[in-house]
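The values are calculated or read from the model by the stated rules, or taken from the named source; none is laboratory data. Please read all numbers here as calculations on a predicted model, not as lab measurements. Positions of Cβ are generated from backbone atoms using ideal geometry, with glycine treated the same way; all protein chains shown enter the neighbour counts. For the accessible areas, the whole protein counts, side chains as well, though only heavy atoms, and no ligand, DNA or RNA atoms are used. Shrake-Rupley method; radii C 1.70, N 1.55, O 1.52, S 1.80 Å.
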Amino acid sequence: MTFDLITIFPDFFRSILEHGLLKRAMASGHATIRLHDLRDYTDDRHRTVDDRPFGGGPGMVFKPEPVFRAVEALRGEEPEKRLPVILLTPQGRLLSQSVAEELSHAERLVLICGRYEGVDERVAENLVTDEISIGDFVLSGGELPAAVLMEATVRLLPGVLGNEESSEQDSFAVPEGAPAEVRHGLLDCPHYTRPAEFRDWKVPDVLLSGDHEQIRQWRRRQALEKTWRRRPDLLAQVPLSEEDRRWIESLKSTEHELEAKI
Ligand code: 9D3
């Protein structure tokens, strides 16, 4: 999979590409990430990429010409192919595991990283094929979001993780056809490692018991409880067994007892 990043801060990505999963995916040939400096597509002496907003107001806006020139140069490399062009913007559709999964099927993606107050709307309307946000919080530009999108997408490519299956066990992925206890859409259960006792805090006995059925049940219940308390919105998407439902009902009744005591 090839990513073409259009940014005024190509150096921002260099350390990200020299570590971890993206580095490995590039080394193994699963991913190619090309950095394009938007200023290389300007035509004035000052390499101007932005200008004041028509109608007034604070901040600056990316001019359309350099962005069009950059994308059209990339389109020119493979003129016969359709080339998806993603603008990272707070106005985009929210990135999620299913959006990453969808993107992972593309052979090539162009990512435009905005800055300042935004990008001239004619870019969004006439050049871009998709607009994506990583969440409802304010960042200074699209560079971190582009890195997040690439990491989430590349780890789904077949062969990128040592274990072909392991990405499917993550929270949020809800794949079909596997035992519910390994492939669920719940938050993860708690994990512990040695020592079994640290500053008076003990690892739950059940995890040391060697009773695999008890451990499975404990993990499932912990995952259900954490999800019910923190992300009840996720529970609506998860297929629940009769046993799961009884556990959640029992959590609700302890909740009522707590309320009664207050
Ligand atoms: C404070 C400025 N805002 C005025 C209401 C608008 C605004 C413009 C540009 C807010 C943020 C940005 C820069 N952010 C991005 O380009 C961006 C982003 C983000 O801020 N949050 C989550 N996902 C993304 S993707 C691109």
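If we keep just the residues of segment 129-139 that are more than 11 Å from ILE86 (Cα to Cα) and near the ligand (Cβ under 6 Å from one of its atoms), which is most open to solvent (accessible area, probe 1.4 Å)? Out of the qualifying residues, it is VAL138. Scan segment 134-143 and give yes if some residue there is outside any loop (DSSP other than H, G, I, E, B) and either β-branched (Val, Ile, Thr) or touching a Lys or Arg at 6+ places or on another chain (Cβ under 7 Å) (or both), otherwise no. Looking for residues that are outside any loop (DSSP other than H, G, I, E, B) and either β-branched (Val, Ile, Thr) or touching a Lys or Arg at 6+ places or on another chain (Cβ under 7 Å) (or both), one finds none in segment 134-143, hence no.
Here's the yes/no breakdown for (1) within 21 Å of the chain's Cα centre (by Cα); (2) over 23 Å from LEU87 (Cβ atoms); (3) open to solvent by 50 Å² or more (accessible area, probe 1.4 Å):
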site	(1), (2), (3)
GLU18	yes, yes, yes
THR42	no, no, no
HIS46	no, yes, yes
ASP51	no, no, yes
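Inspect all residues belonging to segment 237-254 and state whether any of them is open to solvent by 80 Å² or more (accessible area, probe 1.4 Å) and either polar (S, T, N, Q) or under 29 Å from the mean Cα position of the chain (by Cα) (or both). Yes, there is a match, as at least one residue in segment 237-254 is open to solvent by 80 Å² or more (accessible area, probe 1.4 Å) and either polar (S, T, N, Q) or under 29 Å from the mean Cα position of the chain (by Cα) (or both). Has segment 153-174 got any residue that is within 13 Å of the ligand (Cβ to nearest atom) and either assigned by TED's automatic domain parsing to the domain that holds PHE13 or at pLDDT 95 or above (or both)? Looking for residues that are within 13 Å of the ligand (Cβ to nearest atom) and either assigned by TED's automatic domain parsing to the domain that holds PHE13 or at pLDDT 95 or above (or both), one finds none in segment 153-174, hence no.
Of the numbered criteria (1) over 26 Å from the mean Cα position of the chain (by Cα); (2) modelled with pLDDT of 95 or more; (3) of a type outside the set (A, V, I, L, M, F, W, C), the one ARG230 fails is (1). In segment 140-152, what residues are open to solvent by 20 Å² or more (accessible area, probe 1.4 Å), near the ligand (Cβ under 9 Å from one of its atoms) and of a type in the set (A, V, I, L, M, F, W, C)? Within segment 140-152, LEU144, VAL148 meet the criteria. Among the residues making up segment 86-103, those that are within 9 Å of the ligand (Cβ to nearest atom) and more than 10 Å from the chain's Cα centre (by Cα) are LEU87, LEU88, THR89, PRO90, GLN91, GLY92.
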